[in-house]
Amino acid sequence: MKVTLERKNTEYLLEAKGVSGNTVMVDHSGMETVQGVSPMELLLMGVGSCSAIDIIHILKKQRQEITSYKVEVDGERYLLDDSMPFNSMHVKVILEGEIDDQKAQKAADLSFEKYCSVSKSFDKQVKISWEVIVK
């Protein structure tokens, strides 16, 4: 897997591109005008989107009808020397549709405990918790 980043202005704005050719704009969150997401936001987005793909895939295989899918990822950071890494993340999955509560919870458990490569990448250092709400 490989990504490339190219600077797009005279400050910190970067265009990140994956092998698919799709791009994401990344910027320094301390700028007066922020034109992209911060690298730390990208990490939270990675956890949320990886688990979303797993959960949707599992529920679709179980013929659960999802009419709305939303995920909120909150990250707690701490000061470590001159950096501020995450020490925990909490993921809230909010589903609507004809979905069995227990199947939704099991899908989330499987994602975070077994399938999601992004959250598994943090396994040793970042505590990730999750909850599932079916409306």
The number of residues in the stretch 28-43 that are in contact (Cβ under 8 Å) with a residue 40 or more places away in the chain and open to solvent by less than 60 Å² (accessible area, probe 1.4 Å) is 1
When every residue in the stretch 1-27 that is over 30 Å from residue 107 (Cα atoms) and touching a helix residue (DSSP H, G or I) at 6+ places or on another chain (Cβ under 9 Å) is compared, the one surrounded by the fewest Cβ atoms within 10 Å (Cβ to Cβ) is 16
Practice item. State whether one or more residues within the stretch 44-56 are open to solvent by 90 Å² or more (accessible area, probe 1.4 Å) and either among the charged types (D, E, K, R) or without any contact (Cβ under 8 Å) to a residue 12 or more places away in the chain (or both). Key: yes
Among residues of the stretch 57-71 being surrounded by 12 or more Cβ atoms within 10 Å (Cβ to Cβ) and free of Cβ contacts under 8 Å to residues at least 40 places away in the same chain, the residue nearest to residue 95 (Cα to Cα) is 69
| query | If we scan the stretch 82-92, do we find a residue that is part of a helix (DSSP H, G or I) and either under 14 Å from residue 122 (Cβ atoms) or open to solvent by less than 50 Å² (accessible area, probe 1.4 Å) (or both)? | reply | no
**Q.** Condition met for residue 75 (part of a strand (DSSP E or B), under 20 Å from residue 88 (Cβ atoms), open to solvent by less than 100 Å² (accessible area, probe 1.4 Å) and of a type in the set (Gly, Ala, Ser))
**A.** yes
Considering residues that are in a loop (DSSP other than H, G, I, E, B), under 20 Å from residue 46 (Cβ atoms) and polar (S, T, N, Q), the number found within the stretch 1-34 is 3
The residue that is farthest from residue 70 (Cα to Cα), considering only those in the stretch 94-133 that are open to solvent by 40 Å² or more (accessible area, probe 1.4 Å) and assigned to a strand (DSSP E or B), is 127
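The values are calculated or read from the model by the stated rules, or taken from the named source; none is laboratory data. None of the values given here were measured: they were computed from a predicted structure. Neighbour counts run over all protein chains shown; Cβ positions are idealised from the backbone, glycine included. For accessibility, only protein heavy atoms count, side chains too; no ligands or nucleic acids. Shrake-Rupley method; radii C 1.70, N 1.55, O 1.52, S 1.80 Å.
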